[in-house]
1. Dipole size in debye (nearest 20) for the range 37-169 around its Cα centre, Lys and Arg Cβ +1, Asp and Glu Cβ -1?
2. Assign unit charges at the C-beta atoms only (+1 for Lys and Arg, -1 for Asp and Glu), then state the dipole size of the range 6-64 relative to its Cα centre in Debye, rounded to the nearest 20.
3. Of all GluC sites (Glu not before Pro) in the range 86-134, which ones are in loop regions per DSSP and have a Cβ with at most 16 other Cβ atoms within 10 Å?
4. Mind putting a number on the dipole of the range 121-164 about its Cα centre? Charges go on the C-beta only, +1 for Lys and Arg and -1 for Asp and Glu, and I need it in Debye to the nearest 20.
Amino acid sequence: MTIGVLALQGDFREHLEALARLGVAGRNVRTPEDVAACDALILPGGESTTIGKLLVRFGVDDAIRELHAQGKPLFGTCAGAILLCREVLEGDVDKLGLLDARIARNAYGRQIDSFEADLDIAPLEGGAYRAVFIRAPRFAAVGDGVEVLAANGEEPVLVRQGNLVAGTFHPELTNDDRVHAWFCSLAG
Ligand code: GLN
């Protein structure tokens, strides 16, 4: 099983390190051929406007849509979550538009643009998960077919629609690899 990590911009190295800690084969993804070689794909945090432009420039956007159409799991974290959504509030983002959700970028304001929170993540065992949020987006609305796996107060922070998973925090920036392990289990 090979889990791809989109490596156009952002903190893809940390995702690859998390996969390595789990003993899962990770692969940098930069081309449509790279995408096609993956059983699942992680879209990392970074700058969604930049990653979106690069996706289009290298033709990787259509390759990811094709991977999704084949039923392979996709996991977007932070900027990656923004790219998965159907509707993005603020900014002109070249999004994939696969997840039935509306998301607002940089929605927590400057004074708390980074914070941590303990989450109860439905599919995880072993107690609370300490999540790191950095200039995080906020889900403004999610469709009926979207399951909320974790919320921070009232706000969804990890959601799932079939084989699409999107989180507004950074599971790659902690040493608690349970979220990655769970995502890898979706890939088989
Ligand atoms: N603020 C970034 C964006 O809008 C996302 C932040 C992140 O990925 N840490 O793309």
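1. I would put it at about 320 debye.
2. That gives a dipole near 120 debye.
3. Qualifying residues, ordered by number: E90, E125.
4. The calculated dipole for the range 121-164 is roughly 240 debye.
No lab work stands behind these numbers, since they all come straight from the coordinates. From a predicted model like this one, the values you see are computed outputs, not experimental measurements. All Cβ positions, glycine included, derive from the backbone under ideal geometry; neighbour counts span all protein chains shown.
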